[in-house]
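Comments concern the structure below.
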Amino acid sequence: MSNEPRFEIGNPDGECRYPVTLDGKCIGRVFRWHGAWYAAPAGQPNERRIADGAGKELAANYLVELFDEGGITPQEEKEKETHGITAPRDVPLLHPRMNRTPRNVKAAEKAMEGISEFLWAPLDGYPGADNPWLLRCQLCGWQGPRYWSHLRGRNGNPPSTYRHPGCRPADEVRAAIPAYKRTKESQTVTD
């Protein structure tokens, strides 16, 4: 009996949802949301929380088991069109999965202000600090998922100058974003 999994996990889409294929057919997607792994069977609107922590393979196995029970009809893999967004559109404050609570609204407003300051444009509503957020880099036009917890900087410092693969060099990032200038000025004043 082989320990090799029967499934393949593909590359994530713009919302970091990984397609799971069995014999070349898509049986669903798995994704992480607030630390837990979920499985969304192909052709079905429901999703199920499977595991906390490192549970990508557990979520994929759940889809295989559901398929074996006859609960999934495999489908041709379709590319989600999240990375191809180029036309302007209204972006909601909160991601559809986020509850509209005062705390979430306040966090979303702060995050929207922050990404604007760091020259990012949201392509979807705020999903929470540790969930993938589909953004456009305003320095070069790149689009893809980023995490607000990685972008916001720490302890009053600006974020890393590394934005994503292929972006502008660090000196150009520092020159373009006012937060880096403020940090340099405050260091000069205290020297």
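Please compute the contact order of region 32-175 in relative form: average sequence separation of alpha-carbon pairs under 8 Å and at least six residues apart, divided by the residue count, as a percent.
14 percent
Give a residue-ordered list of calculated ³J(HN,Hα) values for region 149-166 (Karplus: 6.51 cos²θ - 1.76 cosθ + 1.60, θ = phi - 60°; whole Hz; x for Gly, Pro).
After applying 6.51 cos²θ - 1.76 cosθ + 1.60, I find 4, 8, 8, 7, x, 10, 6, x, 8, x, x, 4, 6, 6, 9, 5, x, x Hz.
Report the semi-axes of the equivalent ellipsoid for region 35-166 in whole Å, largest first, where each axis is √(5λ) for an eigenvalue λ of the Cα gyration tensor.
Ellipsoid semi-axes (Å, largest first): 31, 18, 15.
How much of the accessible area of the chain, probe 1.4 Å, is carbon plus sulfur, in whole percent?
Ligands and nucleic acids excluded, carbon and sulfur reach 48 percent.
Kindly provide the helix-only [θ] at 222 nm of the chain, computed as the sum of -39,500 (n - 2.57) over DSSP H runs of four or more divided by all residues, to the nearest 500 deg cm²/dmol?
-8500 deg cm²/dmol, from helical runs alone.
List the pair-distance distribution P(r) of region 15-57, using every Cα-Cα distance, as the percent of pairs falling in each 5 Å bin from 0 up to the bin containing the longest distance, rounded to whole percents.
6, 26, 31, 24, 11, 2, 0
The values are calculated or read from the model by the stated rules, or taken from the named source; none is laboratory data. Note that the coordinates shown come from a computational prediction; the quantities given were computed from them, not determined experimentally. SASA here: full protein model, heavy atoms, side chains in, ligands and nucleic acids out. Shrake-Rupley method; radii C 1.70, N 1.55, O 1.52, S 1.80 Å.
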